[in-house]
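Accompanying notes for the structure given below.
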Amino acid sequence: MAEQKFYQLTPQQRRAQLNFDDSAIPVTTQPTSQLIENYLGDFALPLGVVPNLIVDGRSFVVPMVTEEPSVVAAANNGAKHLNAGGGVQTNVTQRDMIGQLLFEGASAETLEAFIVSRETQLFARAKAAHPSIVARGGGLKSLRVRSVSDTQMSVDFVVNTQDAMGANIVNTIGEALTLEFEAFSEQLLGVILSNYATESLTTARVSVPFAVLGGREVAQRIAALSRFAANDVYRATTENKGVFNGLAAVVLATGNDWRAVEAAGHAYAARDGQYRALTRWWVADDQLQGELTLPLALGTVGGSISALPQAKASLALLGEPDAPTLRSVVAAIGLAQNLAALKAIANGGIQRGHMRMQYRALALQIGATSTEVDAVVAQLQTHPVVNEAVAREILAEIRK
């Protein structure tokens, strides 16, 4: 009998072969064991919530999955400020994804003429490839030729995926469309979806009273910081990372592809040739005004969303939203996270807001129990120098 390959082994057999620490990550019978190859176990991350974020007049309990200590606290702080101004208002475009047929050596004119002459057949082929999405009101919407270089052309095809994540739908339709381009077989390099979801833009807007920020001066400093991030790539990179601290935590909690969302967001931040902050803040009408626009291709059904019990539980917390509502909430959290960070900087430094949560992480790192953490943190906050050695001394004193 041939020796089994590693991927053919059970999770228990793989762990035994690797001398894996069973106490760190126990084997489960969750459906996740079937999602990836060479599965060993489930790696857990903390799940927290923002219990009240007002978006388009509705209050949401927003789940967030992250390992960074201060993210959920900052999101809650930001949400309170946004709620004080009546909450976030959003605008969500149609849930469309883009696929690409990639050509080298074919002219734009030839491809455009071919698409016009074969339009009926192309749409029929797409419908036959995925009739269920057409029945739900989605499917292929359009095809267009885009010049990438002197020799490279992309036939971008736009697919409405309704509430589904959509990657498999787009790729299935794309592969079916290639059958109609047989005359271009030598020039066709391949077909694949694009994660740059510019047909799925979401905008979140808010007005925040000066009083909840600490006055006009703080608001003006936040607006000045925003202008800086519009011009400086170093500041913009850090600012956008902060936006994704919150935004991606919700995307991950709901089983969506946070890597695709971040890639699209960063590409959109550089859409005019310079990388800029995704958010914009300014003072008008005696309030701080804020706006965030980015591509958000999110779903509420299909793929890992339907396979992961954790994702389904998170969507239940949100009230079983459809895809447009989820996109609105995710964008709103990004705006809340950004405001919390900018306010902290404007008020004298980001560290003051971060350190309590960092001290909690340090206390846990040195072995403090759940009943000891608060006492360790309280003493660390009064200590002029904080490091692991100091934390261990404090914990030792507490345990005497």
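The values are calculated or read from the model by the stated rules, or taken from the named source; none is laboratory data. Keep in mind it's a predicted model, so treat the numbers as computed, not measured. Glycine gets a Cβ as well: all are built from the backbone with ideal geometry, and neighbour counts include every protein chain shown. Side chains included, ligands, DNA and RNA excluded: accessible areas come from the protein's heavy atoms. Shrake-Rupley method; radii C 1.70, N 1.55, O 1.52, S 1.80 Å.
Laid out as a table, the results:
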quantity	calculated
Rel. contact order, % - alpha carbon contacts under 8 angstrom, at least six apart, the range 179-272	35
Carbon/sulfur fraction of accessible area - the chain, other protein chains in place, 1.4 Å, %	53
Unit Cα scatterers, Debye sum, the range 192-317: log10 I(q)/I(0) for q = 0.09 Å⁻¹	-0.32
Relative contact order, percent, the range 38-99 [alpha-carbon distance under 8 Å, six or more residues apart]	33
Solvent exposure ordering (accessible area, 1.4 Å, most first) of 283, 261	283, 261
Neighbourhood charge, 12 Å Cβ-Cβ cut-off, centred on residue 235 and excluding it, Lys, Arg +1 and Asp, Glu -1	+1
Where only C-alpha atoms are counted, convex hull volume of the range 125-180 per residue in Å³	80
Net charge of neighbours whose Cβ lies under 11 Å from the Cβ of residue 162, counting Lys and Arg as +1 and Asp and Glu as -1	-1
Kyte-Doolittle at least 0.5, axis length at least 18 Å by Cα - qualifying DSSP helices, the chain	233-253, 323-346
Neighbour net charge for residue 8 - beta-carbon separation under 11 angstrom, K R +1, D E -1	0
Calculated P(r) tail over 33 Å for the chain, as whole % of Cα pairs	46
Rel. contact order, % - alpha carbon contacts under 8 angstrom, at least six apart, the range 285-400	18
Kirkwood Rh and Cα Rg combined as Rg/Rh, the range 57-120	1.34
Selected from 125, 14, 327 as most flexible by GNM, with the chain as the system and alpha-carbon contacts under 10 Å	14
Average accessible area per residue (Å²) across the chain - probe 1.4 Å, nucleic acids and ligands excluded	49
Inter-part distance where the range 189-258 and the range 49-89 are each reduced to a Cα centre, Å	14
Mean residue ellipticity (222 nm) of the chain, computed from DSSP H runs ≥ 4 via -39,500 (n - 2.57), nearest 500	-14000 deg cm²/dmol
Kirkwood Rh, angstrom, the range 118-250 [1 / mean 1/r, Cα pairs]	18.7
GluC sites (Glu not before Pro) lying in DSSP loop within the range 131-195, provided at most 11 other Cβ fall within 10 Å	186
Residue-level accessible surface for residue 199, protein heavy atoms, 1.4 Å, Å²	60
Cα gyration tensor shape of the range 1-74, rounded if a/c is under 1.5, else prolate or oblate by comparing a/b with b/c	prolate
